[in-house]
Amino acid sequence: MGDIKGFLKHDRIAKGNEAPEQRKKHFEEFSIPWNKAKYEDQASRCMDCGIPFCHEGCPLGNKIPDFNDAVHRGNWQEAWELLKTTNNFPEFTGRICPAPCEASCVLGLNNEAVNIEHIEKEISETAFKEGWEKPIVPTTETGFKVAVIGSGPAGLAAAEESRKRGHSVTVFERDNAPGGLLRYGIPDFKLDKSTVARRVSLMEAAGIEFKTGVEIGEDITAEVLETTFDAIILCTGSTVPRNLTIEGRDLKGVHFAMDYLKHQNQVIAGEIDSLNSEMDMAGKRVVVIGGGDTGADCVGTSNRQGAVNVSQIELLEKPPLARATSNPWPEWPMVLTTSTSHEEGVDRNWALLTKRFIGLDGRLTGVETVKIQWIDQARFEYQEVSGTEEVKPCDAVFLAIGFAKPETKGIVEQFDLALDQKSNIKASGYKTSKPNVFAAGDCRRGQSLVVWAIAEGRKAAVAVNQYYQALVPKT
Ligand SMILES: Cc1cc2nc3c(=O)[nH]c(=O)nc-3n(C[C@H](O)[C@H](O)[C@H](O)COP(=O)(O)OP(=O)(O)OC[C@H]3O[C@@H](n4cnc5c(N)ncnc54)[C@H](O)[C@@H]3O)c2cc1C
Ligand code: SF4
């Protein structure tokens, strides 16, 4: 630990972001890096606690006090080497991780947590700039063939970890390009797609083959896949969106959030020539239903497209500004968060139930809502407050209320895999009900986070390697 009094000398400083009015004019990332000295001061705030709870908070178990210490000493290469022992893709988590590590940082007990995520991004970007990030080419080839289905963060991590161990790896992706939600869900202003392409290029150089535009279960059957590969890792995500089957759902102008976000990302990538008018919010009044990250991404995208106004509706109560006593450190804080997209302009509404979509000649003109009084959020019990019915005039609605489960038609049915109680692929220890088929990421744990997907992909690769070792005759 470089400076035992670092946390007394330096307060946490905010990330340098371009001003909301400026960044709303473009779709590029808007974080302005600090100079190196600022990162080194911020890293010195890490107290190297006896029990670093941040290790538990981070699903990857990143060695946070160790890399903070190295950064504080100005040894960025050592910091990167430490970070890479647990995290394949710090360039993604350093940009878009909600940082559960910071929620459990011991300094957060009576001060502000260490800026872990932002330091992680700078370590990663320094590594790319200095050329330390290189293809990880194995020294021996096992001849064992692994197919990874889906190229989101879980698939990418499973592929890299399997290739490291000398296996031959092919990643199948039904979309035009690899990345999963990193590429087609998360907007460019949060994660520039050149960051995804840069990582995929390194993986290709390490010998991983990417076959895009191929839907497994449709273009290649489970049977054919099994005859070609020794092990299969399903990383197909949780892609069935939750719907709101109320009156007016069929009106023109009511969209699933992912259809909208994917379309905008494809336009920026040049996969689609121009915005479809239905997906262009210029001059429109927008209502986003769902108060989570996906909803916030719709807010940021609508504002960038030039929406007249954007409202966001959340069913739950407005969270408190500070932790409730029932939600102590180091639990994830259930407090009000304001994302960068919210800073750019939105009318946020809580405890509001959407009753029906209203339209004229088949086109949406408004949303009828009513206030609700929560009786018990844990048991999902609430009552409507009579007399509070209201119509919000709008031209477009985005349903951002989460994802129910993975798709089962196709590969899952063809392999006849068992599902768990929530209809996710059942895979205890990442092993499905078929011995040569494994599963990781959102298709196994339900909709989650990029950091969890990477952690699951890594562990699935370990399970595959154990399966391989059990098959190899002992000498
Ligand atoms: C709009 C949005 C914003 C988000 N923002 C954040 C954020 O800021 N931070 C964060 O941590 N998390 C965020 N998340 C969650 C995060 O993106 C996911 O938890 C994560 O991407 C899951 O990774 P995965 O690899 O399991 O699945 P995915 O990323 O969903 O990838 C699955 C891939 O499998 C492919 N596939 C599916 N079936 C087949 C098949 N049969 N054949 C071939 N390919 C197939 C799909 O096309 C897809 O590319 C966000 C999610 C959404 C929807
Ligand atoms: S990956 Fe996320 S949780 Fe882990 S150290 Fe980085 S920011 Fe924190």
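The values are calculated or read from the model by the stated rules, or taken from the named source; none is laboratory data. For clarity, every value in this text was computed on a predicted model and none was experimentally measured. Note that we place each Cβ from the backbone using ideal geometry, even for glycine, and neighbour counts take in every protein chain shown. Please note that ligands, DNA and RNA were not included when accessible areas were found on the heavy atoms of the full protein model with its side chains. Shrake-Rupley method; radii C 1.70, N 1.55, O 1.52, S 1.80 Å.
Using Cα-only point scatterers and the Debye equation, what is log10 of I(q)/I(0) for segment 243-401 at each q in 0.12, 0.13, 0.17 Å⁻¹, rounded to two decimals? Treating every Cα as an identical point scatterer, log10 I(q)/I(0) equals -0.56, -0.65, -1.03.
What is the distance in Å between the Cα centres of segment 429-463 and segment 10-58? Between the Cα centre of segment 429-463 and that of segment 10-58, the gap is 30 Å.
Amide H to amide H, with H built 1.01 Å from N, Ser311 comes under 5 Å of Val286, Val287, Val288, Asp347, counting only residues 5 or more places away or on other chains.
The Rg/Rh ratio of segment 6-130, with both radii computed over alpha carbons and Rh defined as the Kirkwood radius, is 0.96. The loop-placed trypsin sites (Lys or Arg not before Pro) in segment 58-147, going by DSSP, that have at most 16 neighbouring Cβ atoms within 10 Å of their Cβ come out as Arg73. Applying a 4.7 Å cutoff between beta carbons, the unpaired cysteines of the chain are Cys46, Cys49, Cys97, Cys105, Cys235, Cys298, Cys394, Cys443. For Val240 and Asp273, the difference between the fully extended length at 0.36 nm per residue and the C-alpha to C-alpha distance is 9.2 nm. Mean residue ellipticity at 222 nm, helices only, the chain: -9500 deg cm²/dmol; runs of at least 4 DSSP H residues each add -39,500 (n - 2.57), and the sum is divided by the number of residues. Each residue of segment 461-473 was assigned a 3J(HN,Hα) from its phi angle through the Karplus curve 6.51 cos²θ - 1.76 cosθ + 1.60 (θ = phi - 60°); the sequence is 5, 5, 4, 5, 5, 5, 4, 4, 4, 5, 7, 6, x Hz, with glycine and proline shown as x. Along the axis of the charge dipole computed for segment 183-263 (Cβ charges of +1 for Lys and Arg, -1 for Asp and Glu, origin at the Cα centre), the listed residues Leu251, Thr236, Phe210 are led at the positive end by Leu251. Accessible surface area normalised per residue over the chain is 45 Å², counting heavy atoms of protein chains with a 1.4 Å rolling probe. Cα centroid separation, segment 385-411 to segment 62-76: 43 Å.
Backbone phi angles across segment 360-366, fed through the Karplus curve with coefficients 6.51, -1.76 and 1.60 (θ = phi - 60°), yield HN-Hα couplings of 9, 6, x, 10, 4, 10, x Hz in residue order; Gly and Pro are listed as x. The aspartates and glutamates within cross-link reach of Lys190, meaning a Cα-to-Cα straight distance under 13 Å and a gap of 8 or more places when in the same chain, are Glu18, Glu28, Glu29, Glu91, Asp293, Asp297. Asp376 contributes an accessible area of around 40 Å² to the protein surface, as traced by a 1.4 Å probe with all chains present. Distance from the Cα centroid of segment 318-384 to that of segment 211-253 is 30 Å (rounded to whole angstrom). With K and R counted +1 and D and E -1, the other residues having a Cβ less than 11 Å from that of Trp332 yield a net charge of -1.
Scaled against the 2.2 N^0.38 Å expected of a compact globular protein of N residues, the Cα radius of gyration of the chain reads 1.02.
Per-residue Karplus couplings for segment 186-203, computed as 6.51 cos²θ - 1.76 cosθ + 1.60 with θ equal to phi - 60°, are listed in order as 5, x, 4, 5, 9, 8, 5, 6, 5, 5, 6, 4, 4, 5, 4, 4, 4, 5 Hz, Gly and Pro entered as x.
Amide H contacts under 5 Å for Val240: Ala404, Lys405, Glu407, restricted to partners 5 or more places along the chain or on a different chain, H placed in the peptide plane at 1.01 Å from N.
If you take every residue apart from Ala460 with its C-beta less than 13 Å away from the C-beta of Ala460, what net charge results, scoring Lys and Arg +1 and Asp and Glu -1? Within the 13 Å Cβ shell, the charges total +2. Computed over protein heavy atoms with a 1.4 Å probe, the carbon and sulfur contribution to the accessible area of the chain reaches 50%. A compact globular protein would have a Cα radius of gyration near 2.2 N^0.38 Å; the ratio found for segment 59-137 is 1.07. For segment 243-401, the dipole from Cβ point charges (+1 on Lys and Arg, -1 on Asp and Glu) about the Cα centre works out to 180 debye, to the nearest 20. Here, P(r) means the percent of Cα pairs in each 5 Å bin from 0 to the largest distance; for segment 389-475 it is 3, 12, 18, 18, 15, 9, 7, 6, 4, 4, 2, 1, 1, 0, 0, 0. Seen from Glu112, the other residues with C-beta closer than 11 Å to its C-beta sum to a net charge of 0, counting Lys and Arg as +1 and Asp and Glu as -1.
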